[in-house]
Amino acid sequence: FVSPSGHPQSSTSTSAVSSIAILLHQTAVAPDANRAEVIKAQLMAGATKDEPEFASWSRTTTQPLDLVVGAGEVNILNSYKIQQGGRQSGAVSQPTSAVGSYGWDYGAINAGEELFYNFSIDEGSSATELSILATWFAQVDNFRSGLPTVANLNLAFYDSSETFLGTMLDESVSPDNNVEHIYQVDLEPGLYTLVLSGDASRSRDFALAWRMETLFDDPSADFNGDGLVAGSDLLTLQRNFGTLMGATLADGDADGDGDVDADDLRHFQNAYGAGPIITAPLLAVAVPEPAAAAIALAALAALALGRRRRLA
């Protein structure tokens with residue numbers, strides 16, 4: 001578990017969290033990606049709150065983390081994807097584009113300043129989970145007493161689908177923590193905006209990390225949009241199998257989660273040979289596929305099984 005302080009909560013978890021932190025440090029290539037604040041934010045934003053183990057996980061606007069299990073259960077893949085999503089800077093005014101589903105930022109925010117980050121969910125999709133976490137160091141101003149002071153940074157999350165900052169959906173405004181956390185589930189299609197607010201009296205370095213898990217409302221293995229699931233779609237799946245993030249339907253992402261993996265293969269298997277897909281105004285007629293397609297499908301299934309065993 002990742003505790004409210006960002007440290008592992010038990011001797012058992014210490015080695016696991018430390019190992020993941022080392023991996024993130026070693027794979028960091030972008031400037032500032034290996035800073036302690038950034039890695040801490042990536043670890044905590046990547047933590048999961050899956051039931052039944054974390055059915056009671058909760059936070060409030062002034063209590064950013066659960067008092068018992070903190071940010072949740074550490075997840076190496078989530079944190080790695082956040083890191084690999086790259087550094088994406090906030091805007092000092094209304095953003096002109098959205099950030100990616102995974103990413104992070106690091107920098108200084110001036111006294112009273114605001115930084116804006118847009119998140120976009122396409123029509124026909126939903127965000128099953130959105131985890132955003134900001135963290136910064138306490139600052140020791142009096143070295144003789146050793147008493148730290150904590151800057152008061154805040155997060156606010158808005159629905160900007162109709163108008164910029166139209167409706168506030170959530171905020172994290174703890175007055176005495178150096179962590180703020182926004183956590184949303186089942187977000188509908190639209191445009192959303194995160195606002196990071198600086199301390200009113202002083203500038204402060206910060207790290208921000210996020211991940212947005214999305215799914216199509218209706219999965220599809222028709223990757224080339226020709227109205228049927230056939231050998232050409234299998235070829236797309238083969239070429240892009242193993243893509244970790246940023247994949248689209250045209251790349252072989254059948255379920256809309258941004259990767260191409262065994263889940264997408266299963267969607268293809270279920271749809272392959274099931275008959276034509278009706279697309280207005282044309283009814284596509286499925287034609288028999290050559291035996292080579294069946295052989296390739298079996299090989300891809302074996303590849304997916306092998307990868308799953310190695311990850312187990």
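The values are calculated or read from the model by the stated rules, or taken from the named source; none is laboratory data. Note that this is a predicted model, so its numbers are computed, not measured. Note: ideal-geometry Cβ built from the backbone for every residue, glycine included; neighbour counts use all protein chains shown. When the accessible area is computed, the model is the full protein with side chains, heavy atoms only, and any ligands, DNA or RNA have been set aside. Shrake-Rupley method; radii C 1.70, N 1.55, O 1.52, S 1.80 Å.
Listed by position, the strands (runs of 3 or more DSSP E) inside segment 112-155 whose residues that are open to solvent by 50 Å² or more (accessible area, probe 1.4 Å) number at least 3 are 139-142. Pairs meeting the criteria (first residue in segment 70-83 and in contact (Cβ under 8 Å) with a residue 60 or more places away in the chain and over 15 Å from TYR183 (Cβ atoms), second residue open to solvent by less than 10 Å² (accessible area, probe 1.4 Å) and part of a strand (DSSP E or B), beta carbons under 8 Å, at least 6 apart or on different chains) are VAL74/VAL2; LYS81/ARG211.
Anything in segment 179-209 that is more than 17 Å from the chain's Cα centre (by Cα) and in a loop (DSSP other than H, G, I, E, B)? List them, or say none.
The answer is GLY198, ASP199, ALA200, SER201, ARG202, SER203.
Checking each residue in segment 210-243 for being in contact (Cβ under 8 Å) with a residue 60 or more places away in the chain, in a loop (DSSP other than H, G, I, E, B) and either open to solvent by less than 60 Å² (accessible area, probe 1.4 Å) or small (Gly, Ala, Ser) (or both) picks out ALA230, PHE241, GLY242. In summary, GLY258 fulfils each of the numbered conditions (1) assigned to a loop (DSSP other than H, G, I, E, B); (2) open to solvent by 30 Å² or more (accessible area, probe 1.4 Å) with the single exception of condition (2). Being β-branched (Val, Ile, Thr) and closer than 19 Å to LEU67 by Cα is true of VAL173.
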